[in-house]
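The values are calculated or read from the model by the stated rules, or taken from the named source; none is laboratory data. All values reported here derive from a predicted model rather than from experimental measurement. Here the Cβ positions follow ideal geometry from the backbone for every residue, glycine too, while neighbour counts run over all protein chains shown.
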Ligand SMILES: Cc1cc2nc3c(=O)[nH]c(=O)nc-3n(C[C@H](O)[C@H](O)[C@H](O)COP(=O)(O)OP(=O)(O)OC[C@H]3O[C@@H](n4cnc5c(N)ncnc54)[C@H](O)[C@@H]3O)c2cc1C
């Protein structure tokens, strides 16, 4: 029997729901917003209520997925209210076969969203011993909040994506990663997952050599006595990355390290006073090529220790428009606890976020420039007249565009695309002149987003997201994962850069990030050393501006064997999913079948169906194919 709350957490629908980039705005039919004090039971109530109405459901975190993974067919469950720590941090006991975790957990009386959330539940006077700790935390917590909470008790995240705006479950449900070259993504630091599945059934899922949750689990606050406890490696590896398909992840146990400090440099050696160097992609490509052949560690690009610390992080950013300049960012652990290059006060006057009058004024101010350019065209007999009039029309068009744009970033995306489409035939020499201006502007914007040196506590370095730009700018972004030990990814980049030149100018960037393989069955990080290649172009707040390039680039990625990120723009069909995840999809589907039973496929959605994230047989079919067959040995139902 599930354990619902007496109350269904229905919330008012205040208009369409959209993702970070405003790429998939849509109107859910119903919104549930479970909140404390009985958030877990309210999720159960929401699921039962939604199923009774015959609707499909989906949990959403921060809606940062550009893929539409979080779009529900019917009802949406917001996890914003799930931001509590459920235990004090518990030291990991190496060699122990179980942990009396969580027994002194206490609910926070006032679950307001404050920085000291974790401290409120740490026993007064408790000093955490050195070493890794297990934390039990609700899965809707935003990563930036988690970073702050952990820092307040001298703990940290081992690794993460580049930003902290995502929710923990949302990030892990799509395989989010950073570029810590010796580490697997954050999902691999999960030790247990608590999910509310179809019919409101609760599941506590751990690996077979479970280190958390022995017979003491039923002492957890709000524990439902009929929770199914699963200790199985495949099932656990399936539950780590589900794209929301298994149900609502309520909480997770994560293994986290003590706080550490990081030194970061971009295009320079640590301690150099020479400042940022100009680095060419062709040179970096040659180094990567050599690393593929000879290994990345010894003599390769990762062989760059600093003060006895091995290189921890390595990423490359390439200017897409020119295809020449690149920026290499490296990080090392450091004992130096001083802060360098970190602004305490985020800028709020970002020009890109200014509203459209700024651009209208600028375009008006550029009248003389357009007249000059038109005048140059006029110097060419006959056809020059046609060109000059097209240039004058372009100026008017840009003025209207500026007036109809919400922000400067919104306008620039549209203006870049418009100028990229100009032809010499219609606009004369003005077309290549304006296009080369865009190329240079793109490089300047990329250059401006780099800092030569940063140093500080890990949470100050790991989260690089510019929160001020949320809602004011957007981008189309796809990311593909390759085996870093083959040349394919370099050939893919060559092909993308060629395509960008063919359709030139295409402003934007290509980012390369390296991670170790993940154990999650559907993780894109499938290779012992995986390289993730993200290609991003500007997008206005209302439309794709470089669709031809993005479409051609996606085709190139598939031709080169790239695996798309579940949380970035994503186009797989079921047979492609089966081919790319041949060694994981069957077990993933088996775990799904076990949780869905023969009941409604509550957490399915068009996104999932289109990509084959479905159980494609009955439970008996799946069990018959599995060694060990019967499931009962894997599951223990705890009796209170
Ligand atoms: C600005 C920006 C920066 C990014 N940086 C990176 C990066 O550095 N590295 C990287 O790998 N990716 C990055 N991404 C992609 C991003 O990390 C993923 O799309 C991530 O899934 C978003 O997390 P979210 O909380 O917004 O989840 P959502 O977008 O809300 O949901 C994503 C998926 O998770 C599911 N889900 C969410 N919460 C739950 C829950 N509690 N239980 C079950 N399922 C749930 C949803 O159903 C959906 O399928 C970035 C995206 C943006 C917009």
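Remarks
- Residue check, residue 448 surrounded by fewer than 18 Cβ atoms within 10 Å (Cβ to Cβ) and either without any contact (Cβ under 8 Å) to a residue 12 or more places away in the chain or not assigned by TED's automatic domain parsing to the domain that holds residue 328 (or both): yes
- Check on residue 604, on the phi < 0 side of the Ramachandran plot, outside any strand (DSSP E or B) and surrounded by fewer than 17 Cβ atoms within 10 Å (Cβ to Cβ): no
- Selection of segment 28-73 for residues being more than 27 Å from residue 535 (Cβ to Cβ), at pLDDT 95 or above and in a loop (DSSP other than H, G, I, E, B) yields 28, 29, 33, 34, 53, 54, 55, 56, 72, 73.
- Those helices (runs of 4 or more DSSP H) lying entirely in segment 374-474 with at least 1 residues over 22 Å from residue 364 (Cα atoms): 383-403, 424-427, 430-448, 458-462
- Check on residue 140, crowded, with 20+ Cβ neighbours inside 10 Å, within 16 Å of the ligand (Cβ to nearest atom), part of a loop (DSSP other than H, G, I, E, B) and modelled with pLDDT of 95 or more: yes
Yes/no per residue for (1) within 16 Å of the ligand (Cβ to nearest atom); (2) at pLDDT below 95; (3) in the same structural domain as residue 339 (by TED's automatic domain parsing); (4) part of a loop (DSSP other than H, G, I, E, B):
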| site | (1), (2), (3), (4) |
| --- | --- |
| 213 | no, yes, no, yes |
| 218 | no, yes, no, no |
| 238 | yes, no, no, no |
| 242 | yes, no, no, yes |
| 274 | no, yes, yes, yes |
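Yes/no matrix, rows are residues, columns are (1) farther than 18 Å from residue 144 by Cβ; (2) away from the ligand (no atom under 13 Å from the Cβ); (3) surrounded by fewer than 24 Cβ atoms within 10 Å (Cβ to Cβ); (4) assigned by TED's automatic domain parsing to the domain that holds residue 140:
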| position | (1), (2), (3), (4) |
| --- | --- |
| 167 | no, no, no, yes |
| 177 | no, no, no, yes |
| 185 | no, no, no, yes |
| 189 | no, yes, yes, yes |
| 196 | yes, no, no, yes |
| 204 | yes, yes, no, yes |
| 207 | yes, yes, yes, yes |
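- Residue within segment 30-45 that is crowded, with 20+ Cβ neighbours inside 10 Å, within 15 Å of the ligand (Cβ to nearest atom) and without any contact (Cβ under 8 Å) to a residue 40 or more places away in the chain present: yes
- Selection within segment 74-88: residues that are in a loop (DSSP other than H, G, I, E, B) and more than 12 Å from the ligand (Cβ to nearest atom). The member of this set that is nearest to the chain's Cα centre (by Cα) is 84.
- Checking residue 430 against (1) without any contact (Cβ under 8 Å) to a residue 12 or more places away in the chain; (2) more than 20 Å from the chain's Cα centre (by Cα), the condition it does not meet: (1)
- Tally of residues being closer than 30 Å to residue 36 by Cα and surrounded by fewer than 17 Cβ atoms within 10 Å (Cβ to Cβ) across segment 223-254: 2
- Restricting segment 557-575 to residues that are free of Cβ contacts under 8 Å to residues at least 60 places away in the same chain and part of a loop (DSSP other than H, G, I, E, B) leaves a set whose member that is surrounded by the most Cβ atoms within 10 Å (Cβ to Cβ) is 572.
- Single unsatisfied condition, residue 200 versus (1) at positive phi; (2) within 13 Å of the ligand (Cβ to nearest atom): (2)
- From 516, 554, 539, residue being buried (at least 24 other Cβ atoms within 10 Å of the Cβ), over 16 Å from residue 174 (Cβ atoms) and touching a residue at least 60 places away in the same chain (Cβ under 8 Å): 539
- Selection status of residue 391, touching a residue at least 24 places away in the same chain (Cβ under 8 Å) and within 45 Å of the chain's Cα centre (by Cα): yes
- Subset of segment 480-499 (residues that are in contact with a helix residue (DSSP H, G or I) (Cβ under 7 Å, 6 or more places away or on another chain) and closer than 10 Å to residue 553 by Cα): 492, 495, 496, 499
- Screening segment 299-334 for residues that are touching a residue at least 60 places away in the same chain (Cβ under 8 Å) and out of contact with any strand residue (DSSP E or B) (no Cβ under 7 Å at 6 or more places or on another chain) and picking the one that is nearest to residue 161 (Cα to Cα) gives 310.
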